[in-house]
Amino acid sequence: MSVRTAEIVGAGFAGLTAAAALARRGWSVRVHESASELRAFGAGIFLWENGLRVLAEIGALDRVLEGSYEAPSWDDRTADGELMAAIPMPLPGGGRMVTMTRHHLHTALVECAEAAGATILTGRHAAGADPEGRLWFSDGAVTADVVIGADGIKSAVRDSLGLPARLERFDVGVYRVLVDRKLAPDHSMWRHYVNFWDTVKKRRILYVPCAGDSLYLLLGAKADDTEALRVPFDRSTWQASYPLLADAIGGIADNPRFDYYERVTLTSWRAGRVFIVGDAAHAMPPTLGQGAGTAMGNAFHLAVCLDSFRDVETAGRAWERDARPDTDTTQQVSVNRLEELFPEQGARLPEHWKDDEVGISRRVPRTVHQ
Ligand SMILES: Cc1cc2nc3c(=O)[nH]c(=O)nc-3n(C[C@H](O)[C@H](O)[C@H](O)COP(=O)(O)OP(=O)(O)OC[C@H]3O[C@@H](n4cnc5c(N)ncnc54)[C@H](O)[C@@H]3O)c2cc1C
């Protein structure tokens, strides 16, 4: 039987997972990445049990856990550091939740995909695809049994197919940075994950130790908080809100990564031989830390469906039927949680973590070992 071929657009977490899973099943796989070098943006990342189980399926788990961190507690504190709530980790009845730099996760996935035999090409910006399995670049096209569009929120592959898509932007903006953990004061809480709330100004800093001395900070504010979200980044505004974290904020480099929270919803994730996966198909606000976990799970499940059924229509139908309900739920719960992120002064803090949220973190595609 001839070797089946896949052209994948995007060397992000979804594209690399699909590449590794297909190549491990004997497919000839090429990944086309528009950036001139392989790298991940966005500082740090949380991975829950579901994401970790997918990594195990593609043989990347040990490598990822080697450079990950698992905190003993999830705390809520005032901007001045007063403890409001603490939840021991792991959560009761829940699975693991670990943190790492994005660079670490990305490197592990690149190594895993290449070790499985996938070829990753950089500086290859795809312009679009058609349902017959042709993938277009400015200088020509390639054809494959399947094309996978894993090219993120602004997906050119998705848009070229004309798949009806709904893109929403929410009124929350975030800066994400890595700083040296030695810039945090020396106190036992500095080993915990901590949400620091400025309920007066409605700002939040999520404090996330990663492995070694890497400290991931996510600084969030409402879109109308022009002081906090000023460009270029204004350290003094954040230091005034968070004197306790002044040194760590002072360590933030110029022009940190900035994003709004967004959601992408498609009526269908496929057209003929082309499949859309990851943020390109189902981006969600990161309030549950599930975007990448969901992207990797769906990419893995897609690979197994494609490999199991020679007919791409049957494979695609099975994939969407299985993956869509959990993905829709995860997206919706992430959006619901967004409403709770910036409570009024004196209002109750969001409850960490509710049963449905913890349940989501344990749900894996049926092709992942249960
Ligand atoms: C503030 C914030 C915090 C988050 N925190 C978490 C978290 O803690 N845990 C979690 O699980 N998720 C989190 N997420 C979500 C997570 O980052 C995404 O869900 C995940 O990165 C999606 O991966 P992806 O591979 O689908 O897309 P991307 O990571 O966007 O990768 C797409 C790749 O495609 C490439 N590309 C784009 N266009 C083209 C083209 N035309 N041709 C070729 N290549 C192209 C890009 O360069 C990129 O390498 C967070 C998101 C945000 C905004």
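Please pick out the residue among ALA20, ALA6 that is of a type in the set (Gly, Ala, Ser) and in contact with a Lys or Arg (Cβ under 9 Å, 6 or more places away or on another chain). Steps first, answer last, please.
Working: ALA20 fails: in contact with a Lys or Arg (Cβ under 9 Å, 6 or more places away or on another chain).
Among ALA20, ALA6, only ALA6 is of a type in the set (Gly, Ala, Ser) and in contact with a Lys or Arg (Cβ under 9 Å, 6 or more places away or on another chain).
Results for (1) touching an Asp or Glu at 6+ places or on another chain (Cβ under 9 Å); (2) within 25 Å of THR17 (Cβ to Cβ); (3) of a type in the set (A, V, I, L, M), shown as yes or no for each residue.
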{"residue": "ALA150", "(1), (2), (3)": "yes, yes, yes"}
{"residue": "VAL157", "(1), (2), (3)": "yes, yes, yes"}
{"residue": "GLY162", "(1), (2), (3)": "no, no, no"}
{"residue": "VAL174", "(1), (2), (3)": "yes, yes, yes"}
{"residue": "ILE205", "(1), (2), (3)": "yes, no, yes"}
{"residue": "ALA211", "(1), (2), (3)": "yes, yes, yes"}
{"residue": "TYR216", "(1), (2), (3)": "no, yes, no"}
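Considering (1) of a type in the set (Ser, Thr, Tyr); (2) surrounded by fewer than 21 Cβ atoms within 10 Å (Cβ to Cβ); (3) assigned to a strand (DSSP E or B), say which one SER160 fails and leave the rest.
(3)
Which residues, taken from segment 271-282, are surrounded by fewer than 24 Cβ atoms within 10 Å (Cβ to Cβ) and among the aliphatic types (A, V, I, L, M)?
Correct list: ALA271 only.
Are any residues in segment 33-62 more than 13 Å from ALA292 (Cα to Cα) and in contact with a Phe, Trp or Tyr (Cβ under 8 Å, 6 or more places away or on another chain), and if so, which ones?
Within segment 33-62, ALA43, GLU57, ILE58 meet the criteria.
Give the residue that is farthest from the ligand (Cβ to nearest atom), with candidates limited to residues of segment 254-293 that are in a loop (DSSP other than H, G, I, E, B) and within 16 Å of ARG176 (Cα to Cα). Write out each step before concluding.
Applying the first criterion (in a loop (DSSP other than H, G, I, E, B)) to segment 254-293 yields 254-256, 267-269, 272-273, 277-278, 283-285, 289-290.
Within this subset, residues satisfying the condition of being within 16 Å of ARG176 (Cα to Cα) are 254-256, 285, 289.
Details: ASP254: 19, ASN255: 16, PRO256: 11, PRO285: 8, GLY289: 4 Å.
Among them, the one singled out is ASP254.
Listed here are the residues, each with its yes/no results for (1) in contact with a strand residue (DSSP E or B) (Cβ under 8 Å, 6 or more places away or on another chain); (2) near the ligand (Cβ under 9 Å from one of its atoms).
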position	(1), (2)
VAL9	yes, yes
GLY12	no, yes
VAL31	yes, yes
PHE41	yes, yes
TYR69	yes, no
ALA86	yes, no
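Kindly list, by first and then second residue, each pair from a residue in segment 178-204 that is in a helix (DSSP H, G or I) and among the aromatic types (Phe, Trp, Tyr) to a residue that is modelled with pLDDT under 95 and buried (at least 19 other Cβ atoms within 10 Å of the Cβ), limited to pairs with Cβ atoms under 6 Å and residues at least 6 apart or on different chains.
Note: pairs meeting the criteria are TRP190/ALA184.
Of the residues LEU52, LEU65, LEU47, LEU22, which single one is near the ligand (Cβ under 10 Å from one of its atoms) and among the aliphatic types (A, V, I, L, M)?
On the way: LEU52 fails: near the ligand (Cβ under 10 Å from one of its atoms); LEU65 fails: near the ligand (Cβ under 10 Å from one of its atoms); LEU22 fails: near the ligand (Cβ under 10 Å from one of its atoms).
Sole residue among the options that is near the ligand (Cβ under 10 Å from one of its atoms) and among the aliphatic types (A, V, I, L, M): LEU47.
Report yes if some residue within segment 315-322 is within 16 Å of the ligand (Cβ to nearest atom) and either within 16 Å of the chain's Cα centre (by Cα) or part of a helix (DSSP H, G or I) (or both); otherwise report no.
Narrowing segment 315-322 to residues within 16 Å of the ligand (Cβ to nearest atom): 319.
Checking which are either within 16 Å of the chain's Cα centre (by Cα) or part of a helix (DSSP H, G or I) (or both) leaves us with 319.
Within segment 315-322 (the criterion being within 16 Å of the ligand (Cβ to nearest atom) and either within 16 Å of the chain's Cα centre (by Cα) or part of a helix (DSSP H, G or I) (or both)), the answer is yes, since at least one residue qualifies.
Please go through segment 60-89 and pick out each residue that is assigned to a loop (DSSP other than H, G, I, E, B) and buried (at least 16 other Cβ atoms within 10 Å of the Cβ).
To start, the set of residues in segment 60-89 that are assigned to a loop (DSSP other than H, G, I, E, B) comprises 60, 67-68, 70-72, 79-82, 89.
Passing the criteria: ALA60, GLY67, SER68, ALA71, ALA79, GLY81, MET89.
Starting from segment 104-115, keep only residues that are touching a residue at least 40 places away in the same chain (Cβ under 8 Å), then list their pairs with residues that are basic (Lys, Arg) and in a helix (DSSP H, G or I) whose Cβ atoms are within a distance under 8 Å, requiring at least 6 positions of separation or different chains.
ALA108/ARG63; GLU111/ARG63; CYS112/ARG63
Provide a single number: the residues in segment 163-178 that are surrounded by 21 or more Cβ atoms within 10 Å (Cβ to Cβ) and either of a type in the set (Ser, Thr, Tyr) or away from the ligand (no atom under 16 Å from the Cβ) (or both).
1
How many residues are part of a strand (DSSP E or B), crowded, with 17+ Cβ neighbours inside 10 Å and within 9 Å of the ligand (Cβ to nearest atom) if we restrict to segment 111-155?
Total satisfying the criteria: 3.
Which of the numbered conditions does ARG230 fail, given that it passes all the others? Conditions: (1) assigned to a loop (DSSP other than H, G, I, E, B); (2) in contact (Cβ under 8 Å) with a residue 40 or more places away in the chain.
Checking ARG230 against (1) assigned to a loop (DSSP other than H, G, I, E, B); (2) in contact (Cβ under 8 Å) with a residue 40 or more places away in the chain, the one that fails is (2).
For segment 233-246, give me each residue that is touching a residue at least 60 places away in the same chain (Cβ under 8 Å) and in contact with a Pro (Cβ under 8 Å, 6 or more places away or on another chain). Break it down stepwise before answering.
So the first thing to find is which residues in segment 233-246 are touching a residue at least 60 places away in the same chain (Cβ under 8 Å), and the list is 241-245.
Matches in segment 233-246: LEU244 only.
The values are calculated or read from the model by the stated rules, or taken from the named source; none is laboratory data. What you are looking at is a predicted structure, and each value in this text was computed from that prediction instead of being measured. Virtual Cβ from ideal backbone geometry, glycine too; neighbours counted across all protein chains shown.
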